[in-house]
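Take a look at the structure below.
Please treat every number below as a calculation from the coordinates, not as lab data. Nothing here was measured: the structure is a model prediction, and the numbers come from that model. Every residue, glycine as well, gets a Cβ built from its backbone with ideal geometry; the counts of neighbours run over all protein chains shown.
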Amino acid sequence: MIFATSIAILSAVFPLSERGKVLGITVAAVYTGLACGPFCGGVLTQHFGWRSIFLINIPLGVFIMVLIHWMLKGEWAGARGEKFDLWGALIYAVAIIALMYGVSVLPRKLSVGLILAGLLGLAAFVKWETAVPFPVFEVKLFRANRVFSFSCLAALIHYSATFAVTFLLSLYLQYIKGLPPRNAGLVLIFQPVMMAVFSPLAGRLSDRIEPRVIASLGMALNAIGLMMLILLNNHTAVSFIVACLMLLGFGFALFSSPNMNAIMSSVDKKFYGIASGSVGTMRLLGQMLSMGIATLIFALFIGRAQITPQAYPVLIKSVKAAFSIFAGLCLAGIFFSLSRGQLRSGR
């Protein structure tokens with residue numbers, strides 16, 4: 001509910017000329033939270049117990065609700081009076097749950113049936129949405145709006161290629177390089193820090209330059225960073241990994257807020273909620289696919305065996321194979337990112 005509406009609210013209350021800057025600041029805030037979360041969570045757990053991680057959200061949540069009620073004015077509803085598409089929402093929910101759970105249990109036999117059921121459910125959802133007068137998701141946006149559809153596809157590919165990087169490098173740093181979890185976390189923090197620092201700049205640039213150009217450059221930098229990670233071996237220096245993470249973080253910053261700007265700027269105000277929800281959906285589906293790819297590769301290379309020193313060579317091969325696939329996805333994503341068309345001169 002939060003992530004599906006926050007981008008829509010920001011897009012509605014700021015003019016088009018400032019949207020990229022605002023979305024860049026928002027993305028920076030998200031990644032600042034991601035960077036601070038593990039450290040703050042560790043401090044809370046160490047001094048106040050693990051329950052404090054959940055309890056701290058109560059005063060924070062109350063403060064934010066008071067702040068929203070006090071500061072946020074001019075509420076709007078572009079689809080007021082339209083009937084809610086309950087059946088469409090249920091079909092979509094069941095299909096996505098089947099698809100996500102199917103990917104999560106790869107390569108078990110059950111996963112194939114669940115993935116097929118999820119895909120069939122999504123096909124039924126598309127057919128239903130084209131027939132009802134007030135669909136919960138305007139499928140026609142993907143058919144008639146090239147900027148919207150290709151921007152969403154680019155986001156899906158991008159998250160599919162980048163989300164599992166932290167997971168893979170965490171295993172590599174702890175098993176192959178022998179770093180304790182705390183030190184491995186300190187190495188991995190370089191990526192979200194770069195995202196937080198450069199996202200406002202990228203968003204601001206997307207107000208002046210076509211978002212597809214900046215987002216495609218970010219995708220290209222991520223492809224280079226992933227190709228560099230294919231070179232990992234037993235003797236790779238930690239400084240090399242930090243450099244790769246910084247490059248990936250910079251590329252992620254260049255892609256994320258400009259691509260989000262393109263999605264939100266390509267639709268009318270009535271569809272801001274749908275577009276904002278699409279951003280979150282592409283992100284979460286991409287993250288799911290990324291972890292699914294990593295899990296499947298581990299299942300094929302390592303199987304159900306524990307990761308022992310004898311399995312370290314196979315672990316490195318698995319990590320390198322995953323990075324090879326992710327780099328290929330980013331290279332394909334560059335094409336879709338560049339092919340979305342001009343935003344400001346027409347769709």
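Over the Cα atoms of the stretch 102-254, each weighted equally, I'd like the Debye log10 I(q)/I(0) at q = 0.10, 0.14 Å⁻¹, rounded to two decimals.
Debye intensities relative to I(0), on a log10 scale: -0.54, -0.90.
Can you grab the distance from the C-alpha centre of the stretch 119-154 to the C-alpha centre of the stretch 1-47, Å, no decimals?
27 Å
At 222 nm, what value in deg cm²/dmol follows for the chain if DSSP H runs of at least 4 each add -39500 (n - 2.57) and the sum is divided by all its residues, to the nearest 500?
Numbers: 15 runs with 262 residues, N = 347.
It lands at -25500 deg cm²/dmol.
State, to one decimal in nm, how far the label point of LEU16 lies from the label point of LEU284, with both points 7 Å from Cα in the Cβ direction.
Inter-label distance under the simple model: 3.0 nm.
Determine the sum of side-chain charges near THR26: Lys and Arg each +1, Asp and Glu each -1, restricted to other residues whose C-beta is under 15 angstrom from that of THR26. Numbers along the way, then the final one.
Details: positive: ARG19, LYS21, ARG204, ARG283; negative: GLU18, ASP207.
Here the charged neighbours net out to +2.
Using Stokes-Einstein with the Kirkwood hydrodynamic radius over Cα pairs, what translational diffusion coefficient do you get for the stretch 222-267 at 25 °C and a viscosity of 0.890 mPa s, in µm²/s rounded to a whole number?
It diffuses with D of about 205 µm²/s by this estimate.
With +1 assigned to the C-beta of every Lys and Arg and -1 to the C-beta of every Asp and Glu, and no other charges, what is the dipole magnitude of the stretch 61-158 about the Cα centre in debye, to the nearest 20? Kindly include the intermediate steps, with their values, before the conclusion.
On the way: 9 positive and 5 negative charges, 47 e Å.
The dipole of the stretch 61-158 has a size of about 220 debye.
Starting with the highest mean, order 261-267, 116-122, 46-52, 236-242 by the number of other Cβ atoms within 10 Å, averaged over the residues of each peptide. Walk me through the numbers on the way to the answer.
Working: 261-267: 25.3, 116-122: 16.0, 46-52: 10.6, 236-242: 13.7.
For the peptides 261-267, 116-122, 46-52, 236-242, the packing ranking is 261-267, 116-122, 236-242, 46-52.
Using a 10 angstrom cutoff on alpha carbons, build the Gaussian network for the chain and name the most mobile of GLY333, GLY277, GLY203.
GLY277
Apply the Karplus curve 6.51 cos²θ - 1.76 cosθ + 1.60, θ = phi - 60°, to the phi angles in the stretch 99-106 and return the couplings in whole Hz, x for Gly and Pro.
5, 5, 5, x, 5, 5, 9, 4
For SER339, enumerate residues with amide H under 5 Å from its amide H, sequence gap 5+ or separate chain, H modeled in the peptide plane.
For SER339, whose amide H was placed from the backbone, there are no distant partners under 5 Å.
In whole angstrom, and with the biggest value first, how far do the Cα coordinates of the chain range along each principal axis?
So the extents along the principal axes, rounded to whole Å, are 63, 44, 44.
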